[in-house]
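Below is one structure, written out as structure tokens; comments come after it.
Bear in mind these aren't lab numbers, they're just calculated from the coordinates by the rules spelled out. As the structure is a prediction and not an experimental result, all values here were calculated from the model. Note that we place each Cβ from the backbone using ideal geometry, even for glycine, and neighbour counts take in every protein chain shown.
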Amino acid sequence: MSYQEYQEIPAFEQAIYKDGFVSNVEEGKLVWANKDGFQPPPVGSKVMVRINNLGVAEVKGYFSQEGYLGLLVVLDNAPEWYIKQNGDAKKVGHVFGPEVKALEAK
């Protein structure tokens, strides 16, 4: 399954983990691999990107690659290294389910 972008959440299945690996990846089906029970949020929602401690981001859309569903996000406060690497603080980033979590309620 190749890379594809979506503006609406496509049909997906929650990942089933067995011995530390996702066991239900099948051709033609997308899997959301977040282990926390956090479901893909609607466009415009805010999420916490935990990979590299990138922080709060806004969901701009969705993507799939190799059978996994991910989020297209724009960071609220991109670090300098991210800006240098991507050329723009508002460059859309790609994160998979394990790399994000819901924002804590204030």
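Stokes-Einstein diffusion of region 4-102 at 37 °C, 0.692 mPa s viscosity, Kirkwood radius from Cα pairs, rounded to a whole number: 237 µm²/s. Fully extending the segment from residue 76 to residue 27 would add 14.2 nm, taking 0.36 nm per residue of separation and subtracting the current Cα-Cα distance. For region 65-77, the Karplus equation 6.51 cos²θ - 1.76 cosθ + 1.60, evaluated at θ = phi - 60°, returns couplings of 8, 6, x, 9, 8, x, 10, 8, 9, 10, 5, 6, 9 Hz by residue, with Gly and Pro reported as x. In terms of other Cβ atoms within 10 Å, 68, 17 run from fewest to most in the order 17, 68.
A cut-off of 5 Å between modelled amide H atoms, ignoring neighbours fewer than 5 places along the same chain, links residue 100 with 50.
Among all lysine pairs in the chain that are eight or more places apart or on different chains, how many have alpha carbons less than 21 angstrom apart? Within the chain, the lysine pair count is 14.
A DSSP coil position with no more than 14 other Cβ atoms inside 10 Å describes the following GluC sites (Glu not before Pro) in region 8-106: 8, 26, 27, 66, 104.
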